[in-house]
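The structure appears right after this line, and notes come after that.
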Amino acid sequence: MDQVSILYEDAEVVVINKPSGLLTHPRNKDDKRDSVLGWFLKHYPESSTVGEDASRPGIVHRIDKETSGILLLVKTQQAFVYYKHLFHDRLIEKQYVALVYGNVEDNSGTIDAPLFKFGTRQSMRPPREGTTLERAARTDYRVLSMFDKYTLLEVRPKTGRAHQIRIHLRSIGHPIVCDPIYAEKSRVCPPDLGRLFLHAQKLSFTDMHGRAMTIEAGLPKELENFLKTLYHG
């Protein structure tokens with residue numbers, strides 16, 4: 001939690017840069033691992049009742065544990081209602097950077113494919129048995145750089161499903177480098193990287209006072225250093 005840094009703050013929100021490996025919030029009351037929620041309650045105890053779920057105060061969206069980057073947390077109930085509406089109605093633009101295996105053929109594209117949720121898991125294929133929930137999911141991408149074995153992408157998810165980017169990129173044959181869940185076992189995770197190469201780089205939205213906001217988080221050093229080896233390799 002010591003690696004959490006504040007990118008922007010006002011009376012209603014605090015926007016942080018989350019390090020890879022840190023949960024957004026615990027899975028349940030018995031989960032004692034470090035989390036962004038723990039950091040938030042430590043620094044903003046007065047916001048402990050904000051939201052609709054008493055176990056997740058201040059949380060209006062999430063990023064995966066393995067993903068680094070921008071996360072917006074709300075301090076007041078009024079802000080919770082406002083930003084929940086923005087995320088629900090897709091009025092916040094999210095931009096990620098991802099390094100994927102292989103060479104992506106098209107310079108840009110859209111993956112428009114629903115995800116099926118069953119239990120805590122998501123998939124592009126419905127299970128043969130059990131109750132499922134089909135949810136629309138769309139991801140836009142653009143090639144930034146091409147390397148011998150990898151492609152660097154700018155990714156803009158238009159919906160906010162769990163693991164959406166990771167599942168969608170796997171579906172077109174280009175899983176994210178070092179993805180422990182969705183990359184095939186035959187894909188080698190470079191030892192000098194050692195983490196999922198997915199970073200939430202930018203959020204753009206209109207705040208509660210009508211101001212257009214764009215907040216960015218630079219690449220973590222470990223991702224930046226790995227890219228340098230590719231550019232100079």
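At-a-glance table
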quantity	calculated
Candidates Ala162, Ala183, Ala11: whichever shows maximal mean-square fluctuation once the chain is modelled as a Gaussian network with Cα springs under 10 Å	Ala11
Farthest positive-ward along segment 5-231 dipole, Cα basis, beta-carbon charges - from Pro180, Leu7, Leu227	Pro180
Choice from Gln77, Gln164, Gln95 with maximal GNM fluctuation in the chain (Cα, 10 Å cutoff)	Gln77
Residue-span extension gain [Arg211 to Ser171] - 0.36 nm each, minus C-alpha spacing	10.7 nm
Theoretical gain in end-to-end length, Asp89 to Thr49 [0.36 nm per residue, Cα-Cα removed]	12.0 nm
Estimated inter-spin distance, Asn107 and Met146, nm [label 7 Å along Cα→Cβ]	1.1 nm
Cβ-based exposure ranking for Thr49, Thr159, Thr24, Thr67, in which fewest neighbours within 10 Å come first	Thr49, Thr159, Thr24, Thr67
Cβ-based net charge around Lys158, under 14 Å, with every Lys or Arg adding one and every Asp or Glu removing one	+2
Three-way shape call for segment 184-233 based on the alpha-carbon gyration tensor, with the a/c threshold at 1.5	prolate
Rounded tilt (10° steps) of 77-88 against the dominant C-alpha axis of the chain	30 degrees
Separation of alpha-carbon centers, segment 192-233 and segment 145-171, rounded to whole Å	14 Å
Exposure proxy order (Cβ contacts within 10 Å, fewest to most) of His232, His61	His232, His61
Ranked list, fewest to most other Cβ atoms within 10 Å of each Cβ, for Ser108, Ser35	Ser108, Ser35
Per-residue [θ]222 nm for the chain (sum of -39500 (n - 2.57) over DSSP H runs n ≥ 4, rounded to 500)	-5000 deg cm²/dmol
Relative contact order computed over segment 5-231 (Cα-Cα under 8 Å; 6+ residues apart), in percent	19 percent
Cα gyration tensor, segment 1-96 - rounded (a/c under 1.5), prolate or oblate	rounded
Global form of segment 19-58, assessed from the alpha-carbon gyration tensor, a/c cut-off 1.5	oblate
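Each reported figure results from applying straightforward, stated rules to the coordinates on display, with no laboratory input. This one's a predicted model, so the numbers in the text were calculated from it and none came from an experiment. Quick reminder, even Gly has a Cβ in these numbers, built from the backbone with ideal geometry, and neighbours come from all protein chains shown.
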